[in-house]
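Novice: Pasting a structure here, questions to come.
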Amino acid sequence: MKTKKIIMIVAIILIVVLTGFVGYTIYQKVTFKKQNPIVTMEIEGIGTMKLELYPDQAPNTVANFITLANRGFYDGLTFHRIVKDFMVQGGDKDGTGSGSPTLSAIEDGASETENYAIKGEFVQNGFNKNTIRHEKGVISMARSDYSQMGLYEEGYNSAGSQFFIMTGDNATLNGYYAAFGKVIEGMEVLDKLNETEVTTADETEGAEASKPVNPPVIKSVRVDTFGVDYGKPNTVKPFDYNSYLQQMYSGMSGMLSLIHISEPTRLDVIS
């Protein structure tokens, strides 16, 4: 009898412990909030901004930005396009607005000549999880636009490394660009970037005044993931705009030598 009582007591203790453990596990799952990635972006001579990224809204876009940032891709690049009270745009390795990253930027040993792009995580591209609105402080991915040629998907899936940070609200971008985070500290730094002196990119009448006289330099960008591995981004082969035009005009003998072909500046659809 004594042995049976001991076994029963031990069993009761085990049940209590197990019940407590299960209850605590459930409590943790219910109450635990995963820390979103935090970006620290230092602008030379201006200051530092911190941004929170939202992988639940744009997971592949966030993975792409984290990979590029933590591999040092953005260090030393500039904000090459600034439209006052609209946005500041950077992340182009060429500093022209037409540059794309190569696969080597996100993976060791990968091609240093083959460019890549990522699919646009926004409503117009069939991605309905992203509900971030383009308001002041929001960071979003820049992309090319070929809609005037009837090539919508080609533009939707053309983002690479270039991003822009809103310096004003603009609802017309909602659902058309992949927003993926926002400034949580250092809004005064963004305000200083907004006041950067700009000029027109060329001498064309009516050209947008958005080319910084002295482009602000991104000293460094790093992302704290708090131990979470967001993985490498899924990539796609970017649309070859120049080859498309060459094929389109191939029947026009001698004309190509007179035509200046250049890829559209990213985000050029919005003014």
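The values are calculated or read from the model by the stated rules, or taken from the named source; none is laboratory data. Note that the coordinates shown come from a computational prediction; the quantities given were computed from them, not determined experimentally. Please note: Cβ atoms are built from the backbone with ideal geometry, for glycine as well, and neighbour counts cover all protein chains shown. All accessible areas refer to the heavy atoms of the entire protein, side chains included, with ligands and DNA or RNA removed. Shrake-Rupley method; radii C 1.70, N 1.55, O 1.52, S 1.80 Å.
Novice: With the requirement that a residue be open to solvent by 90 Å² or more (accessible area, probe 1.4 Å), in contact (Cβ under 8 Å) with a residue 12 or more places away in the chain and either over 11 Å from K84 (Cβ atoms) or of a type outside the set (D, E, K, R) (or both), what does segment 193-221 give you?
Specialist: K211, N214, K219, listed by residue number.
Novice: Something else about it: Out of all the residues in segment 181-192, which are touching a residue at least 40 places away in the same chain (Cβ under 8 Å) and more than 16 Å from T40 (Cβ to Cβ)? Break it down into steps so the answer makes sense when it comes.
Specialist: Restricting attention to segment 181-192, the residues satisfying the condition of being touching a residue at least 40 places away in the same chain (Cβ under 8 Å) are 181-190, 192.
Selection gives K192 alone.
Novice: Just the residues that are surrounded by 18 or more Cβ atoms within 10 Å (Cβ to Cβ) and out of contact with any Phe, Trp or Tyr (no Cβ under 6 Å at 6 or more places or on another chain), please, taken from segment 226-238. It would help to see each step written out before you state the result.
Specialist: Keep residues of segment 226-238 that are surrounded by 18 or more Cβ atoms within 10 Å (Cβ to Cβ), which gives 230, 233, 235, 238.
Matches in segment 226-238: Y230, P233, P238.
Novice: In segment 97-138, what residues are of a type in the set (V, I, T) and part of a loop (DSSP other than H, G, I, E, B)?
Specialist: I106, T113, T131, I132 - these are the residues of segment 97-138 that are of a type in the set (V, I, T) and part of a loop (DSSP other than H, G, I, E, B).
Novice: Okay, next question. Please pick out the residue among I66, I82 that is over 17 Å from D191 (Cβ atoms), open to solvent by less than 30 Å² (accessible area, probe 1.4 Å) and modelled with pLDDT of 95 or more. Walk me through how you get there before you give the answer.
Specialist: Numbers: I82 fails: over 17 Å from D191 (Cβ atoms).
Being over 17 Å from D191 (Cβ atoms), open to solvent by less than 30 Å² (accessible area, probe 1.4 Å) and modelled with pLDDT of 95 or more holds for just one of I66, I82, which is I66.
Novice: A further question on this structure: Is there any pair with a first residue in segment 104-121 that is free of Cβ contacts under 8 Å to residues at least 24 places away in the same chain and a second that is open to solvent by 20 Å² or more (accessible area, probe 1.4 Å) and among the charged types (D, E, K, R) whose Cβ atoms are under 6 Å apart and which are 6 or more apart or on different chains, and what are they?
Specialist: S104/E112
Novice: Here's another thing I want to ask about it. Hey, can you tell me all the residues within segment 139-152 that are of a type in the set (A, V, I, L, M, F, W, C) and either part of a loop (DSSP other than H, G, I, E, B) or surrounded by fewer than 23 Cβ atoms within 10 Å (Cβ to Cβ) (or both)? Steps first, please.
Specialist: Filtering segment 139-152 down to residues of a type in the set (A, V, I, L, M, F, W, C) leaves 139, 141-142, 149, 151.
Result: A142, M149, L151.
Novice: Looking only at strands (runs of 3 or more DSSP E) that lie completely in segment 153-242, which have at least 3 residues being within 18 Å of the chain's Cα centre (by Cα) and either modelled with pLDDT of 95 or more or of a type in the set (D, E, K, R) (or both)? Working first, answer last.
Specialist: Working: elements: 163-166, 179-185, 198-200, 209-212, 218-224.
Because the criterion is at least 3 residues that are within 18 Å of the chain's Cα centre (by Cα) and either modelled with pLDDT of 95 or more or of a type in the set (D, E, K, R) (or both), the strands (runs of 3 or more DSSP E) in segment 153-242 that meet it are 163-166, 179-185, 218-224.
Novice: With the checklist (1) crowded, with 23+ Cβ neighbours inside 10 Å; (2) farther than 28 Å from K219 by Cβ in hand, flag the one item A159 doesn't pass.
Specialist: It fails just one condition, (2).
Novice: Select from segment 60-96 the residues that are of a type outside the set (F, W, Y) and assigned to a strand (DSSP E or B) and list them in ascending order.
Specialist: T78, H80, R81, I82, V83, M87, V88, Q89, G90
Novice: Would you check which residues across segment 163-191 are among the polar types (S, T, N, Q) and closer than 22 Å to N128 by Cα and list them?
Specialist: N170, T172, N174 - these are the residues of segment 163-191 that are among the polar types (S, T, N, Q) and closer than 22 Å to N128 by Cα.
Novice: Going by the conditions given, is I13 touching a helix residue (DSSP H, G or I) at 6+ places or on another chain (Cβ under 7 Å) and modelled with pLDDT of 70 or more? Don't jump to the end; show me each part of the working.
Specialist: Details: touching a helix residue (DSSP H, G or I) at 6+ places or on another chain (Cβ under 7 Å): no; modelled with pLDDT of 70 or more: yes.
Here the answer is no, as I13 does not meet what is asked.
Novice: Turning to a different aspect of this structure: Just the residues that are open to solvent by less than 40 Å² (accessible area, probe 1.4 Å), out of contact with any Pro (no Cβ under 8 Å at 6 or more places or on another chain) and of a type in the set (S, T, Y), please, taken from segment 92-110.
Specialist: Matches in segment 92-110: T102, S104.
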